[in-house]
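Each reported figure results from applying straightforward, stated rules to the coordinates on display, with no laboratory input. The shown structure was predicted, so the numbers you read here are calculated from the model rather than taken from an experiment. Glycine gets a Cβ as well: all are built from the backbone with ideal geometry, and neighbour counts include every protein chain shown.
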Amino acid sequence: MIRGRSVSRCWIVPQRIRIGRAVVRMDGIGGVGTDARYRRRGYARRVLDAAQRRMRQGDAGLSMLYGIPDFYERYGYVQVGPEHSLTIPARETASVTIEGWSCRPGTAADLDALADLYSAVTEDAVGAAVRTDASLAWRWMRNASDEDLRKGCCVAVGPGGDVRGYALLGAGFWAVDVLQREHPRDRVLAEVIAADPEAASAMLDRCAAVQAMERRTDGERYRPRVLIPGPPDTFIARAALRRDAVIQQSHTASGGSMACVLNATQLLQQLVPELQLRLRNARRVWRGRIILQIGEERIQLRSTRDRLQMEPAPAEASHRCVPAVSLTHAEIALLALGATSPDFVLWKRDDPIDRDIQDLLAALFPQRHPHMHLPDRY
């Protein structure tokens with residue numbers, strides 16, 4: 001503040017995200033900006049340093065943001081994955097080609113079903129926000145007029161009459177609008193969710209047919225393709241493999257989706273439900289105790305056949321025989337979010353790691369496809 005006026009600022013946006021079956025407290029950073037006449041005076045650094053001090057005092061183990069190149073690395077953030085999307089051409093065919101299925105505009109009566117669908121489909125996802133009634137997507141739907149809902153949302157209805165999928169246009173959400181500007185010839189959707197393969201195919205039919213209809217009603221605005229953001233391990237992406245489609249990963253060397261570990265002990269303890277499930281599903285993986293040295297934090301990982309524990313490590317002197325692995329905060333961010341494989345993180349080290357320990361880390365931290373849906377971005 002200068003003379004009572006804000007000249008440089010950022011927002012801390014508390015969220016909870018899914019990493020498989022674990023729910024992790026994450027502080028998002030958004031709205032970073034300095035007024036033009038006050039730039040290059042170090043104000044953004046002071047603001048971000050203050051924001052990180054505040055976040056480290058809370059219960060979030062992780063911070064994430066959508067950054068610009070060559071800036072946020074100095075604050076400990078690391079790039080944690082590409083943007084995923086698929087595009088399909090508009091098709092002037094019947095709206096839905098699967099027998100017994102239909103699609104229609106969304107209504108206020110569908111909102112509870114849509115919330116349940118989102119929760120079920122993202123239950124095992126990585127990076128998806130845990131939505132509440134206060135989440136932007138649900139607030140928009142609850143406050144939208146009937147006409148806006150009809151224009152902005154459509155649902156897939158199965159043979160039994162229940163809603164099994166939905167598509168949200170999402171115009172007005174900043175991340176959707178930015179992507180639309182970057183792809184002016186495509187119709188960008190905020191998210192398309194499907195509970196099973198049939199619902200996914202019905203939704204793709206509907207999206208392609210509605211887009212083709214736009215050509216007949218407003219030729220000047222016609223966009224020949226539909227772009228759907230989302231990772232490649234969903235029913236939507238798998239259904240797209242059976243039609244004309246392009247599935248894409250867009251990587252950036254710096255910027256984009258970035259993460260910083262605020263407290264490695266808190267983060268790993270919050271991950272235990274998912275790590276324990278992965279360990280139970282692994283075959284012939286070494287069990288025992290290891291010490292993870294992450295910056296100044298020493299964390300003891302203890303694994304047995306049925307249980308995994310993460311806790312602050314006891315005094316070093318009494319545990320000299322316990323294997324220790326040194327990792328940076330950036331490496332833990334990459335492993336926690338499945339942004340890369342442990343082999344890539346560990347391949348070139350001055351302190352070689354025993355093969356059994358490498359196999360354990362590979363089982364605990366497989367590569368995944370982190371993705372936060374556009375309406376939840378901050």
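Values as computed for the structure displayed
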read-out: Relative contact order (%) - the chain, alpha-carbon pairs under 8 angstrom, separation at least six; value: 23 percent
read-out: Options MET64, VAL7, VAL272, ranked by Cα towards positive dipole end of the chain, top entry (Cβ charges); value: VAL7
read-out: Region 263-364 - share of DSSP beta bridges that are antiparallel (%, nearest 5); value: 75 percent
read-out: Residues ILE68 and ASP177, FRET efficiency given R0 of 25 Å [Cβ-Cβ distance, rounded to 0.05]; value: 0.90
read-out: Most mobile listed residue (GLY67, GLY42, GLY170) in the chain, GNM with C-alpha springs under 10 Å; value: GLY42
read-out: Cleavage-rule hits, GluC sites (Glu not before Pro), region 265-357, DSSP coil, Cβ neighbours within 10 Å at most 12; value: GLU296
read-out: Acute angle (nearest 10 degrees) that the helix 43-56 long axis makes with the longest principal axis of the chain, alpha-carbon atoms; value: 70 degrees
read-out: Unit charges on C-beta of K, R, D, E only; dipole of the chain, Debye; value: 1020 debye
read-out: Expected 222 nm ellipticity per residue - DSSP helices of 4 or more, -39500 (n - 2.57), all of the chain, to 500; value: -9500 deg cm²/dmol
read-out: GNM top mover of VAL47, VAL176, VAL155 - the chain, alpha-carbon springs below 10 Å; value: VAL47
read-out: The chain: angle of helix 197-217 to the longest principal axis, Cα-based, in degrees nearest 10; value: 50 degrees
read-out: Per-pair calculated FRET efficiency, R0 = 35 Å: THR304 and ASP351 via Cβ, rounded to 0.05; value: 0.85
read-out: Cβ-based charge dipole, region 83-250, positive-most Cα from SER145, GLN248, PRO184; value: PRO184
read-out: Potential lengthening between LYS151 and SER326 on full extension [0.36 nm per residue; Cα-Cα distance subtracted]; value: 57.7 nm
read-out: Net charge of Cβ neighbours under 9 Å - reference ILE12; Lys, Arg +1; Asp, Glu -1; value: 0
read-out: Label-zone membership for region 61-77, site THR252, 7 angstrom Cα→C-beta point, backbone N under 17 Å; value: 64-77
read-out: GNM top mover of PHE344, PHE173, PHE235 - the chain, alpha-carbon springs below 10 Å; value: PHE344
read-out: Where trypsin sites (Lys or Arg not before Pro) fall in DSSP loop in region 4-77, at most 16 other Cβ within 10 Å; value: ARG21, ARG39, ARG40, ARG41
read-out: Positive-end residue of ALA333, VAL345, TRP286, charge dipole of region 281-347 with Cβ unit charges; value: TRP286
read-out: Electrostatic dipole magnitude of region 1-128 [Cβ: Lys, Arg +1; Asp, Glu -1; Cα centre; debye, to 20]; value: 1380 debye
